[in-house]
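> Pasting a structure here, questions to come.
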Amino acid sequence: MTSARRAPGRVAVHLLLWGYAVVALLPLVVMLLNSLRPTGEIFTAPLRLPTSPTLHSYLKVWTDASFSTYFLNSLIVTGGAVLIGTAVSALAAYPLARHDFFGSRFLGAYFLAGLMLPIRLGLVPIFYLMDSMGLIDSLLGLTLLYAASGVPFCVFVLSAFYRSLPGELDEAARLDGAGEFRIFGQIMLPLVRPALASVTLFQFVPLWHEFLYPLVLLRSDEKFTIPRGLSQFFGEYTTDWSALFAGLVLATAPLFVLFVLATKQIIAGLTAGMSK
Amino acid sequence: MVQARELSVPRRRAARTGARRRYAPRWRVLAVFLLPALLLYSVFIVYPLVSALDYSFFEWRGIRQTGFAGLGNYRDLLSVYPYDQQLWRAFGHNALFFGGTMLIQNTVGLLFALLLFRYGRGKRFLQAAFTTPYLVDPLVVGYLWSLLLNPTFGPVNALLDAVGLDSWALPWLGDTRTALPIVILVNAWQWVGFPMLMFSAALAGIPAEYHEAARVDGASAWQAFRRVTLPLLTPAIGVVSVLTFIGNFNAFGLVYAMAGSSGSPAGSTDVLGLLFYRVGFVEGGVEAIGRSSALAVLMFVFIFGVSLLATSYFRRRERRLV
């Protein structure tokens, strides 16, 4: 192949890739820019840089449209669920990975099955179960449900990590007279910390986005999580586009921040674990 | 890897003897470790799923079981108006959704992976740019695009007008012919980074000698791709296909945001996820529990069954490669 024949091809590749980068990012940029412009301006010129950027819409969405409440609820439910889910899984995965007892294989498979089950299909029974426990329109109910949905994945990942730790560790501790709880708390748990960090992140993202459960289980505005609140908000503010864009930015921003922070944290955790 | 495997045998045995020695007094300790997770998982995940299967075989009046229905709820779904029409329509839309996604998103993902494979400066940035939309909640993506595609005030049509393509400025989400293709494209916009990353990883794993050997034998770039690269990507294609299938047949948030719970306009974007929600909670009537449970079981059997079949098919293809 001569370079003369390759040159136009190369230009086409550059054009395609950088052109698509624009397609991938522009909608998000438009979302951000339009959230800083008044609605009247958006309606007359949908694609324009803000002439005098204002945070007015954010203020309105945060207070009038009760995004502050949605935000707090999402934080409580998702944070609580990730904490509970990770904690109970870290406990359960330890004996499943490091001990042989009657039924240990069955229990391992029982938890593993949850990875393949489409758990949302249990939605109708979940609704009546929550109803019977008085957990409809309750943040506690949603937290427990979210926590439970993370258990199979956490147990699966954490078991693999516990299994990879050398057996001499707990044997030596046991000879020194340490009980199972001390071995777990002081030896095992610190060693699987990088895995705890990554299962936390992997639970957090889908739970922060979860929409179907809150759609069905939450009733009142002051209990709504962000996705549920957003769907309400889009019904109410249909003509206030500046506010709509601001709402979308507010719903998206936390995950971008978390992602930027957490990738560093996870890489740090992994390398720290490796150097030991 | 090799080292770990050699070590694991004695380690396992040691753990086992240790376990046997402390077997008897440990039941209470074991319970403390296992019960919280076991309870949470059994009550909120396993019990509802088993109940859905159970509920689907009974007749319901509101929340009261009035008798055994056998396969009655399943028959109703397939024969009672409007489910007899909506079920197949939603299923057809899911099938189109999956086909369109495979054709557009995963093909473009593969193309990007190939083009970026030997790309110089800017490769990391481009990869990050392509995967960024995937960080956004599907619900937010749906709402964002419904604003962008708005026929009167949306930037997309304003852009088309500005470049003289005003005849292309359609009411994208308001037309029964364009709504579903648009949903497929928006979904692809969000997810295209995923197949790109999977294929990039797979390409990096193909030894360079294979390509050199093909070139020495005088294969053209296309022949080398078709005969060498593509077959070696079979495992990645398998994983991407199965995950796309599961994702598409479970679609809910994106479609809800773009087309509401009834898949507007006129049900042209209705999918199984929306139908399931409607039967259970919006328009199911007194028989909601039985019918929506039956629909849940049908969806589970279909999605799980096809995933299993596809996985074993791709496994066989892989084995033939070796």
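> Scan region A:150-176 for residues that are hydroxyl-bearing (Ser, Thr, Tyr) and either open to solvent by less than 30 Å² (accessible area, probe 1.4 Å) or at pLDDT 95 or above (or both) and report the count. Give the steps one after another, and end with the answer.
Kept after step one, since they are hydroxyl-bearing (Ser, Thr, Tyr), are these residues of region A:150-176: A:159, A:162, A:164.
Next, from what is left, pick out any that are either open to solvent by less than 30 Å² (accessible area, probe 1.4 Å) or at pLDDT 95 or above (or both): A:159, A:162.
Residues flagged as hydroxyl-bearing (Ser, Thr, Tyr) and either open to solvent by less than 30 Å² (accessible area, probe 1.4 Å) or at pLDDT 95 or above (or both) within region A:150-176 amount to 2.
> Same structure, new question: Answer yes or no as to whether B:Val240 is β-branched (Val, Ile, Thr), more than 14 Å from chain A (Cβ to nearest Cβ), in a helix (DSSP H, G or I) and open to solvent by less than 10 Å² (accessible area, probe 1.4 Å). Don't jump to the end; show me each part of the working.
Values: β-branched (Val, Ile, Thr): yes; more than 14 Å from chain A (Cβ to nearest Cβ): yes; in a helix (DSSP H, G or I): yes; open to solvent by less than 10 Å² (accessible area, probe 1.4 Å): yes.
Yes; evaluated as a whole, the condition is true for this residue.
> May I pose another question? Would it be correct to say that B:Ala294 is more than 10 Å from every other protein chain (Cβ to nearest Cβ), crowded, with 21+ Cβ neighbours inside 10 Å and over 27 Å from B:Thr107 (Cα atoms)? Working first, answer last.
Values: more than 10 Å from every other protein chain (Cβ to nearest Cβ): yes; crowded, with 21+ Cβ neighbours inside 10 Å: yes; over 27 Å from B:Thr107 (Cα atoms): yes.
In short, yes.
> If you don't mind, there's one more thing I want to ask. Which residues, counting only those in region A:19-46, are over 20 Å from B:Asp137 (Cα atoms) and at the interface with chain B (Cβ under 8 Å from one of its Cβ atoms)?
A:Tyr20, A:Ile42, A:Phe43, A:Ala45, A:Pro46
> A:Leu91 fails exactly one of the following numbered conditions: (1) in a loop (DSSP other than H, G, I, E, B); (2) within 25 Å of A:Pro206 (Cα to Cα). What is the number of that condition?
Condition (1) is where A:Leu91 drops out.
> Going through A:Ser149, A:Ser159 one at a time, which residue ends up being more than 11 Å from chain B (Cβ to nearest Cβ) and hydroxyl-bearing (Ser, Thr, Tyr)? Spell out the reasoning first.
Numbers: A:Ser149 fails: more than 11 Å from chain B (Cβ to nearest Cβ).
None of the other options fit; the residue is A:Ser159.
> Scan region B:162-195 residue by residue and report those that are surrounded by fewer than 19 Cβ atoms within 10 Å (Cβ to Cβ) and facing another protein chain (nearest Cβ under 10 Å). Spell out how you get there, then give the answer.
First pass over region B:162-195, keeping only residues surrounded by fewer than 19 Cβ atoms within 10 Å (Cβ to Cβ): B:162-171, B:174-178, B:181, B:185.
Passing the criteria: only B:Ala162.
> Of all helices (runs of 4 or more DSSP H) completely enclosed by region A:177-241, which ones contain at least 1 residues that are open to solvent by 50 Å² or more (accessible area, probe 1.4 Å) and closer than 30 Å to B:Asn150 by Cα?
Values: elements: A:193-209, A:212-217, A:226-236.
Once the helices (runs of 4 or more DSSP H) in region A:177-241 are filtered for at least 1 residues that are open to solvent by 50 Å² or more (accessible area, probe 1.4 Å) and closer than 30 Å to B:Asn150 by Cα, what remains is A:193-209, A:226-236.
> Which members of region A:28-59 meet the condition of being under 26 Å from the mean Cα position of the chain (by Cα) and open to solvent by 20 Å² or more (accessible area, probe 1.4 Å)?
A:Leu28, A:Val29, A:Leu32, A:Leu33, A:Tyr58, A:Leu59
> If you take just the helices (runs of 4 or more DSSP H) that sit entirely in region B:51-150, which of them hold at least 1 residues that are open to solvent by 30 Å² or more (accessible area, probe 1.4 Å) and within 30 Å of B:Leu170 (Cβ to Cβ)?
Details: elements: B:72-79, B:83-101, B:107-117, B:123-131, B:138-148.
Those helices (runs of 4 or more DSSP H) span B:83-101, B:107-117, B:138-148.
> Another question, if that's okay. Given the criterion within 11 Å of chain B (Cβ to nearest Cβ), open to solvent by 30 Å² or more (accessible area, probe 1.4 Å) and without any contact (Cβ under 8 Å) to a residue 40 or more places away in the chain, identify the matching residue among A:His99, A:His14. Lay out the reasoning, then the answer.
Numbers: A:His99 fails: open to solvent by 30 Å² or more (accessible area, probe 1.4 Å).
Selected residue: A:His14, the only one of A:His99, A:His14 that is within 11 Å of chain B (Cβ to nearest Cβ), open to solvent by 30 Å² or more (accessible area, probe 1.4 Å) and without any contact (Cβ under 8 Å) to a residue 40 or more places away in the chain.
> Continuing with the same structure: Tell me which residues, restricted to region A:162-176, are without any contact (Cβ under 8 Å) to a residue 12 or more places away in the chain, more than 7 Å from chain B (Cβ to nearest Cβ) and not in a loop (DSSP other than H, G, I, E, B).
A:Glu168, A:Ala172, A:Leu175
> So B:Thr101 ticks every box in (1) within 14 Å of another protein chain (Cβ to nearest Cβ); (2) within 20 Å of B:Thr244 (Cβ to Cβ); (3) modelled with pLDDT of 95 or more but one. Which box is left unticked?
Status for B:Thr101: all satisfied but (1).
> Scan region B:300-322 residue by residue and report those that are assigned to a helix (DSSP H, G or I), closer than 21 Å to B:Leu230 by Cα and among the hydrophobic types (A, V, I, L, M, F, W, C). Walk me through it before giving the result.
Of region B:300-322, the ones assigned to a helix (DSSP H, G or I) are B:300-321.
Filter once more, keeping what is closer than 21 Å to B:Leu230 by Cα: B:310-321.
Hits for region B:300-322 are B:Ala310, B:Phe314, B:Leu321.
> If you take the residues in region B:196-222 that are within 14 Å of chain A (Cβ to nearest Cβ) and part of a helix (DSSP H, G or I), which one is least open to solvent (accessible area, probe 1.4 Å)? Spell out the reasoning first.
Filtering region B:196-222 down to residues within 14 Å of chain A (Cβ to nearest Cβ) leaves B:196-197, B:200, B:215, B:218-222.
From the residues that got through so far, the ones that are part of a helix (DSSP H, G or I) too are B:196-197, B:200, B:215, B:221-222.
Working: B:Met196: 1, B:Leu197: 84, B:Ser200: 22, B:Arg215: 166, B:Ala221: 78, B:Trp222: 159 Å².
Applying the filter and picking the extreme gives B:Met196.
> Sort out which residues of region A:73-89 are within 9 Å of another protein chain (Cβ to nearest Cβ) and surrounded by 19 or more Cβ atoms within 10 Å (Cβ to Cβ), and write them in order of number. Spell out how you get there, then give the answer.
The initial filter retains those residues of region A:73-89 that are within 9 Å of another protein chain (Cβ to nearest Cβ), namely A:84-85, A:87-89.
Result: A:Ile84, A:Gly85, A:Val88, A:Ser89.
> Let me ask something else. Give region A:119-146 a look and list any residue that's at the interface with another protein chain (Cβ under 8 Å from one of its Cβ atoms), open to solvent by 30 Å² or more (accessible area, probe 1.4 Å), of a type outside the set (Val, Ile, Thr) and without any contact (Cβ under 8 Å) to a residue 60 or more places away in the chain, or say none. Show your work before the answer.
Filtering region A:119-146 down to residues at the interface with another protein chain (Cβ under 8 Å from one of its Cβ atoms) leaves A:119-129, A:144-145.
Filter once more, keeping what is open to solvent by 30 Å² or more (accessible area, probe 1.4 Å): A:119-120, A:128, A:144.
Pick out the ones that are also of a type outside the set (Val, Ile, Thr) and you get A:120, A:128, A:144.
The one that is at the interface with another protein chain (Cβ under 8 Å from one of its Cβ atoms), open to solvent by 30 Å² or more (accessible area, probe 1.4 Å), of a type outside the set (Val, Ile, Thr) and without any contact (Cβ under 8 Å) to a residue 60 or more places away in the chain: A:Tyr128.
The values are calculated or read from the model by the stated rules, or taken from the named source; none is laboratory data. Keep in mind it's a predicted model, so treat the numbers as computed, not measured. Cβ: placed from backbone, ideal geometry, glycine included. Neighbour counts: every protein chain shown. For the accessible areas, the whole protein counts, side chains as well, though only heavy atoms, and no ligand, DNA or RNA atoms are used. Shrake-Rupley method; radii C 1.70, N 1.55, O 1.52, S 1.80 Å.
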